[in-house]
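Asks: Pasting a structure here, questions to come.
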Amino acid sequence: MKSFKIVIATTILPITASLSGCAESAVDTAKQPNIILIMVDDLGWSDPGYMSDYYNTPNIDKLKSQGIYFPNGYASASNSAPSRASMLTGRYNPTHGVYTVNPAARGKSKDRQLIPSENSKYIKDGIETLPEAMKKQGYNTCHIGKWHITENPLLKGVDINIGGNGTGHPKSYFSPYKNANLKNGVDGEYLTDRLGDEAVNYLNNSTKSESPFFLYFAPYAVHTPLQAKPEIIAKYTKRDQSEGHFNPTYAAMIESMDANVGKLLEAAEKLDNTIIILTSDNGGVYNISRQWPLRAGKGSFYEGGIRVPYIIYQKGVYDGGVAIEQTVSQIDIFPTLLAISGSKSQGKNLDGVSLVPLLKDKSSTEIAERALFWHFPAYLEGGNIESKDIKFRSRPVSVIRKGDWKLIQNLEDGELELYNIKEDISEKNNIIKGEKPNSLELYSNPKVKELFLLLEKWQKDSGAAVPTERNPEYVAKKR
């Protein structure tokens with residue numbers, strides 16, 4: 001395999017890497033597609049322009065109209081680090097150990113009934129990442145923006161890293177950035193624009209290599225701090241707001257993010273054989289942008305916290321403006337890209353599944369009956385009127401969705417919640433509310449037993465940490 005060198009003038013370190021001996025021997029790199037994986041930060045399911053009259057995202061809207069859209073696409077977790085960790089490893093949280101953004105004991109101790117389970121700040125050593133897998137397939141790899149799953153992307157399969165480290169949000173969206181892995185621009189340069197320019201520059205330089213590329217573009221936007229260009233904010237202060245979408249600064253951040261996604265997509269159009277995946281790491285922040293008709297938002301395991309934009313596009317291959325209703329998860333991205341890259345392993349030991357059969361035939365039932373799982377043995381403060389209670393966005397929970405049904409197990413007290421998501425997308429009607437019998441058979445809906453037994457088996461098989469130790473500092477109060 002040919003050695004290569006791609007230099008991007010504004011990066012801290014030009015990276016020289018050789019792929020000799022790394023790629024699977026039978027892979028024909030000439031036929032492999034270039035891959036662009038776009039992970040937006042905190043962009044809720046209802047935030048793209050195709051869902052909102054207030055926000056403006058013409059480029060994401062166009063991508064949806066051209067590609068394959070999954071309205072039942074899910075993040076792997078309800079906040080950033082665990083979501084990204086699962087997407088980039090293809091594994092559920094119990095394997096890589098990241099259940100939440102550290103620490104696990106958030107909020108006041110007197111309000112927490114349980115001692116939360118042990119949580120890893122970063123993914124455990126020895127777990128392969130998507131960039132590492134792509135390198136084995138002969139890909140050049142580049143990460144731009146937010147990383148958040150280890151301290152150094154260059155040690156996890158990334159050839160070129162621009163701006164990525166262990167932090168979860170920028171110190172400033174305006175230069176100087178105070179980011180050791182991103183040189184400052186001129187004073188006042190906007191971070192989202194800078195990262196977009198870096199991505200375009202990388203694509204333009206990619207033609208100098210005979211190998212395909214894997215670009216992980218993860219702009220810090222639209223995560224807090226809420227900072228946007230004043231001239232764009234001014235535009236949204238004059239626009240009619242809605243009860244759910246009402247923040248001009250956030251709207252301006254979304255517009256800038258979309259404009260830079262647009263720059264990247266325009267550059268990608270000049271390249272042959274390129275697949276693009278766009279998604280978000282979790283739902284939108286409830287106090288900034290409501291995800292209606294979905295319930296709650298980031299940090300919650302109701303739909304508003306975990307259902308996200310999810311679009312796949314490859315011109316002439318995966319296109320047509322098609323919507324596929326089957327439930328999919330970001331843990332499916334790893335095995336999907338392995339399959340598309342020609343890997344013979346096809347994602348052995350991964351928890352996700354390849355979506356290629358579904359992308360080729362939307363009527364495929366190959367993954368229709370599988371269950372998806374979420375597990376959160378921790379606490380996340382900052383609740384709202386739509387979360388479990390006003391003090392916490394989430395208390396410890398374990399969740400399963402299978403078909404139209406979703407079961408939530410509250411780990412503090414064992415209370416169960418059952419929703420038919422197809423009929424009740426807003427999760428307003430807990431079908432078994434008030435029921436707490438001493439036997440699964442006694443629940444009024446037989447789905448409880450079916451889903452609970454599947455969830456319990458998954459917890460056991462995956463080694464999920466289930467907290468049981470009571471917190472001695474807990475002060476029982478009416479919630």
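The values are calculated or read from the model by the stated rules, or taken from the named source; none is laboratory data. None of these values were measured; they are calculated from a predicted model. We place every Cβ from the backbone using ideal geometry, glycine too, and count neighbours over all the protein chains shown.
Asks: Can you say whether residue 329 is touching a helix residue (DSSP H, G or I) at 6+ places or on another chain (Cβ under 7 Å) and either within 30 Å of residue 387 (Cα to Cα) or surrounded by fewer than 24 Cβ atoms within 10 Å (Cβ to Cβ) (or both), as far as the supplied structure shows?
Replies: Values: touching a helix residue (DSSP H, G or I) at 6+ places or on another chain (Cβ under 7 Å): no; either within 30 Å of residue 387 (Cα to Cα) or surrounded by fewer than 24 Cβ atoms within 10 Å (Cβ to Cβ) (or both): yes.
So residue 329 does not fit the description; no.
Asks: Let me ask another. For the list (1) of a type in the set (D, E, K, R); (2) surrounded by 22 or more Cβ atoms within 10 Å (Cβ to Cβ); (3) assigned to a loop (DSSP other than H, G, I, E, B), I need the number of the one condition that residue 194 fails.
Replies: Status for residue 194: all satisfied but (3).
Asks: OK, next. When you check residue 272 against the structure, is it of a type outside the set (Ser, Thr, Tyr) and not in a loop (DSSP other than H, G, I, E, B), yes or no? Give the derivation first.
Replies: On the way: of a type outside the set (Ser, Thr, Tyr): yes; not in a loop (DSSP other than H, G, I, E, B): no.
In short, no.
Asks: Further question: Of everything in the stretch 431-460, what is crowded, with 18+ Cβ neighbours inside 10 Å and of a type in the set (Lys, Arg)? Give them in sequence order.
Replies: 447
Asks: So in the stretch 105-146, with the set limited to residues that are of a type in the set (Gly, Ala, Ser) and not in a helix (DSSP H, G or I), which one is farthest from residue 336 (Cα to Cα)? Before the answer, list the steps.
Replies: First, pick out the residues of the stretch 105-146 that are of a type in the set (Gly, Ala, Ser): 105, 107, 109, 117, 120, 126, 133, 138, 145.
Still in the list and also not in a helix (DSSP H, G or I): 105, 107, 117, 120, 126, 138, 145.
Details: 105: 35, 107: 38, 117: 31, 120: 26, 126: 21, 138: 16, 145: 23 Å.
Among those that are of a type in the set (Gly, Ala, Ser) and not in a helix (DSSP H, G or I), it is 107.
Asks: Examine the stretch 362-385 for a residue that is at positive phi and at pLDDT 95 or above, and state whether such a residue exists. Walk me through how you get there before you give the answer.
Replies: Pass one, the stretch 362-385, residues at positive phi: 382.
Restricting the remaining residues to those that are at pLDDT 95 or above gives 382.
Looking through the stretch 362-385, at least one residue is at positive phi and at pLDDT 95 or above.
Okay, residues lined up against (1) buried (at least 19 other Cβ atoms within 10 Å of the Cβ); (2) of a type in the set (Asp, Glu); (3) assigned by TED's automatic domain parsing to the domain that holds residue 90; (4) over 28 Å from residue 272 (Cα atoms):
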{"site": "142", "(1), (2), (3), (4)": "yes, no, yes, no"}
{"site": "145", "(1), (2), (3), (4)": "yes, no, yes, no"}
{"site": "148", "(1), (2), (3), (4)": "yes, no, yes, yes"}
{"site": "187", "(1), (2), (3), (4)": "no, yes, yes, yes"}
{"site": "198", "(1), (2), (3), (4)": "yes, yes, yes, no"}
{"site": "203", "(1), (2), (3), (4)": "yes, no, yes, no"}
{"site": "218", "(1), (2), (3), (4)": "yes, no, yes, no"}
{"site": "226", "(1), (2), (3), (4)": "no, no, yes, yes"}
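Asks: Then there is this: Please identify the pairs in which a residue from the stretch 302-322 that is under 29 Å from residue 286 (Cα atoms) has its Cβ atom under 8 Å from the Cβ atom of a residue that is assigned to a strand (DSSP E or B) and of a type in the set (D, E, K, R), counting only partners at least 6 apart or on another chain.
Replies: Partner pairs satisfying both residue conditions: 305/393.
Asks: Among the residues of the stretch 66-76, is any over 22 Å from residue 243 (Cα atoms), modelled with pLDDT of 95 or more, surrounded by 24 or more Cβ atoms within 10 Å (Cβ to Cβ) and polar (S, T, N, Q)?
Replies: Yes, the stretch 66-76 contains at least one residue that is over 22 Å from residue 243 (Cα atoms), modelled with pLDDT of 95 or more, surrounded by 24 or more Cβ atoms within 10 Å (Cβ to Cβ) and polar (S, T, N, Q).
Asks: Separate question: Considering only the stretch 205-235, state which residues are at pLDDT 95 or above, within 27 Å of the chain's Cα centre (by Cα) and not in a loop (DSSP other than H, G, I, E, B).
Replies: 213, 214, 215, 216, 217, 218, 232, 233
Asks: Could you tell me whether the stretch 90-100 includes any residue that is among the charged types (D, E, K, R) and either in a helix (DSSP H, G or I) or in contact with a helix residue (DSSP H, G or I) (Cβ under 6 Å, 6 or more places away or on another chain) (or both)? Spell out how you get there, then give the answer.
Replies: Quick first cut of the stretch 90-100, residues among the charged types (D, E, K, R) only: 91.
Right, trim to either in a helix (DSSP H, G or I) or in contact with a helix residue (DSSP H, G or I) (Cβ under 6 Å, 6 or more places away or on another chain) (or both) and you get none.
Checked the stretch 90-100: no residue is among the charged types (D, E, K, R) and either in a helix (DSSP H, G or I) or in contact with a helix residue (DSSP H, G or I) (Cβ under 6 Å, 6 or more places away or on another chain) (or both).
Asks: Could you tell me whether residue 161 is at pLDDT 95 or above and touching a Leu at 6+ places or on another chain (Cβ under 6 Å)?
Replies: yes
Asks: Here's a follow-up. When the stretch 354-382 is examined, which residues are found to be surrounded by 22 or more Cβ atoms within 10 Å (Cβ to Cβ) and assigned to a loop (DSSP other than H, G, I, E, B)?
Replies: If the condition is that a residue be surrounded by 22 or more Cβ atoms within 10 Å (Cβ to Cβ) and assigned to a loop (DSSP other than H, G, I, E, B), then 354, 355, 377, 378 are the ones that fit.
Residues are listed down the side, and each one gets a yes or a no for (1) of a type in the set (Ser, Thr, Tyr); (2) at pLDDT below 95; (3) within 30 Å of the chain's Cα centre (by Cα):
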| position | (1), (2), (3) |
| --- | --- |
| 420 | no, no, yes |
| 425 | no, no, yes |
| 448 | no, no, yes |
| 470 | no, no, no |
| 478 | no, yes, no |
